[in-house]
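One structure is given here, and the rest of the page talks about it.
The values are calculated or read from the model by the stated rules, or taken from the named source; none is laboratory data. Everything numeric in this text was worked out from a predicted model, so none of it was measured. Don't worry about glycine lacking a Cβ; one is built from the backbone with ideal geometry, like all the others, and counts go over all protein chains shown. The area values use the complete protein model at the heavy-atom level, side chains included, leaving out ligands, DNA and RNA. Shrake-Rupley method; radii C 1.70, N 1.55, O 1.52, S 1.80 Å.
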Amino acid sequence: MKDFEVLVVRGTNPSGVSMTRDILAAAAVFAERQGESVPTWGFHSPRGGRVELQGGIGIETRKLPRRRKGSASILLVPGIWVVDARQLAARLAEDDCQQAIRAIAAHVAGGGEVAASCSAVFLLQAAGVLAGRQATTTWWLAPALSRLAPDTTVDANRILCVDGPVITAGAAFAQSDVMLYLLRRRFGAKVADGVSRVLLLQERAEQAQFVVPAMLASGDALVTRLTRRVETALPDVPSVPALASELCVSERTLGRHVRRATGMGTSDMIQSIRLHRARSLLQNSRMSIDQIAAAVGYQDATALRRLMRKIGGATPRQFRSSASVGAP
């Protein structure tokens, strides 16, 4: 029995697969050198054999083993490459995904744990294992998950969400957050921290710092207008009631559209736009942190520092330093 069973289907993101493999391989080397327990893993698919990942990359897999009650293996499900929620819905209806969904349901019903990132969280929803739980997914698919799973509390701002035997994570590269969390829990802080240092990985808490305003609207014309209005108004963004009045809707109607399109409240969406602009200025200008704070509508740099540390886990200065690594 392996510690980790990686489940792949046609079109799985190769980055999620290779990242999982590289992190586990680094953990195995580090653990062996430190005299710690060495993690084991295998790649599986519903039918076994070669599976074509997104972009023409393939991987050899074994057929998923029959589910056993009390299995200690953690089932890992990297995301599937899709461009929108409609394409994802069509993909989930195909036979290999349906087999994967049944395998996930059986694994959790038998007492096993499952961890999925990005669009693969929708496989967990289809398997019925998200009902009554908290979950996250990539921020741009979170509204679709909220609509599809009203019995699930979807927190679009979280990068990692753990609820009992179900672990969910944000966009494709959040697979690293899943793996560091699981390594830390199952093999200890020494192994997880060692892998993090060797591979230059960073454990993060929230997705808000990565939100791209132009993608927030999710096809909602009202939210598109709101996003453009906020971006052009910075630093002096009108109040939410004033914005609603400008857009000729009630505050409640505006909030309903924003929530449906983004999974956020109106104030949270405005804050994400401020943060995106601040990060862009930090990485692409020579403005001081005080000047950037003023440019995005904060009274002083202290407020910006506090917010970026809370959401991004780093100070503005650290964000700027990380952006300059490798620059000529």
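Out of the residues in region 1-29 that are touching a strand residue (DSSP E or B) at 6+ places or on another chain (Cβ under 6 Å) and among the basic types (K, R), which is nearest to R186 (Cα to Cα)?
Here the answer is K2.
The rows are residues; the columns are (1) touching a residue at least 60 places away in the same chain (Cβ under 8 Å); (2) over 23 Å from the mean Cα position of the chain (by Cα).
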| site | (1), (2) |
| --- | --- |
| I59 | no, yes |
| I80 | yes, no |
| A105 | no, no |
| G128 | no, no |
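Any chance you could count how many residues in region 165-183 are under 11 Å from the mean Cα position of the chain (by Cα) and surrounded by fewer than 24 Cβ atoms within 10 Å (Cβ to Cβ)?
Number of matching residues: 4.
Which of the residues spanning region 53-72 are of a type outside the set (V, I, T), touching a Ser or Thr at 6+ places or on another chain (Cβ under 9 Å) and outside any helix (DSSP H, G or I)? Let's see the steps before the verdict.
Looking only at region 53-72, we keep the residues that are of a type outside the set (V, I, T), and these are 53-56, 58, 60, 62-72.
Narrowing the set further to residues that are touching a Ser or Thr at 6+ places or on another chain (Cβ under 9 Å) leaves 53-54, 62-65.
L53, R62, K63, L64, P65, listed by residue number.
Given the criteria modelled with pLDDT under 85 and either over 24 Å from the mean Cα position of the chain (by Cα) or open to solvent by less than 60 Å² (accessible area, probe 1.4 Å) (or both), does R317 qualify? Walk me through it before giving the result.
Values: modelled with pLDDT under 85: yes; either over 24 Å from the mean Cα position of the chain (by Cα) or open to solvent by less than 60 Å² (accessible area, probe 1.4 Å) (or both): yes.
When the stated conditions are applied, R317 passes them.
Among the residues of region 233-267, what is the count of those that are within 22 Å of the chain's Cα centre (by Cα) and surrounded by 17 or more Cβ atoms within 10 Å (Cβ to Cβ)? Can you show your working first?
Our first condition is that a residue be within 22 Å of the chain's Cα centre (by Cα); within region 233-267, this holds for 258-267.
Checking which are surrounded by 17 or more Cβ atoms within 10 Å (Cβ to Cβ) leaves us with 258-259, 261-264, 266.
Total meeting the criteria: 7.
Does A120 satisfy the criteria of being within 15 Å of the chain's Cα centre (by Cα) and crowded, with 22+ Cβ neighbours inside 10 Å?
Numbers: within 15 Å of the chain's Cα centre (by Cα): yes; crowded, with 22+ Cβ neighbours inside 10 Å: yes.
For A120, the condition - within 15 Å of the chain's Cα centre (by Cα) and crowded, with 22+ Cβ neighbours inside 10 Å - is met.
Can you tell me which of (1) surrounded by fewer than 20 Cβ atoms within 10 Å (Cβ to Cβ); (2) farther than 30 Å from K2 by Cβ; (3) modelled with pLDDT under 90; (4) touching a strand residue (DSSP E or B) at 6+ places or on another chain (Cβ under 8 Å) is the one T153 doesn't meet?
(3)
Checking the conditions here, which among E52, E5 is open to solvent by less than 30 Å² (accessible area, probe 1.4 Å) and of a type in the set (D, E)?
Values: E52 fails: open to solvent by less than 30 Å² (accessible area, probe 1.4 Å).
Residue meeting the stated conditions: E5.
May I ask you to list the residues in region 184-195 that are crowded, with 18+ Cβ neighbours inside 10 Å, farther than 21 Å from P14 by Cα and among the hydrophobic types (A, V, I, L, M, F, W, C)? Working first, answer last.
Quick first cut of region 184-195, residues crowded, with 18+ Cβ neighbours inside 10 Å only: 187, 191-192, 194-195.
Keeping just the survivors that are farther than 21 Å from P14 by Cα gives 187, 191-192, 194.
Matches in region 184-195: F187, V191, A192.
Under 20 Å from the mean Cα position of the chain (by Cα), closer than 27 Å to K2 by Cβ and open to solvent by 50 Å² or more (accessible area, probe 1.4 Å), is that true of V198?
Details: under 20 Å from the mean Cα position of the chain (by Cα): no; closer than 27 Å to K2 by Cβ: yes; open to solvent by 50 Å² or more (accessible area, probe 1.4 Å): yes.
The answer is no for V198.
Looking at region 18-37, which of its residues are open to solvent by less than 10 Å² (accessible area, probe 1.4 Å) and either closer than 17 Å to D177 by Cα or under 20 Å from the mean Cα position of the chain (by Cα) (or both)?
Taking region 18-37 as the starting set, the residues that turn out to be open to solvent by less than 10 Å² (accessible area, probe 1.4 Å) are 20, 23-24, 27, 31.
Of everything in region 18-37, those that are open to solvent by less than 10 Å² (accessible area, probe 1.4 Å) and either closer than 17 Å to D177 by Cα or under 20 Å from the mean Cα position of the chain (by Cα) (or both) turn out to be T20, I23, L24, A27.
I'd like to check something: does region 73-86 contain any residue that is modelled with pLDDT of 95 or more, in a strand (DSSP E or B), open to solvent by 60 Å² or more (accessible area, probe 1.4 Å) and in contact with a Lys or Arg (Cβ under 8 Å, 6 or more places away or on another chain)?
No, every residue in region 73-86 fails to be modelled with pLDDT of 95 or more, in a strand (DSSP E or B), open to solvent by 60 Å² or more (accessible area, probe 1.4 Å) and in contact with a Lys or Arg (Cβ under 8 Å, 6 or more places away or on another chain).
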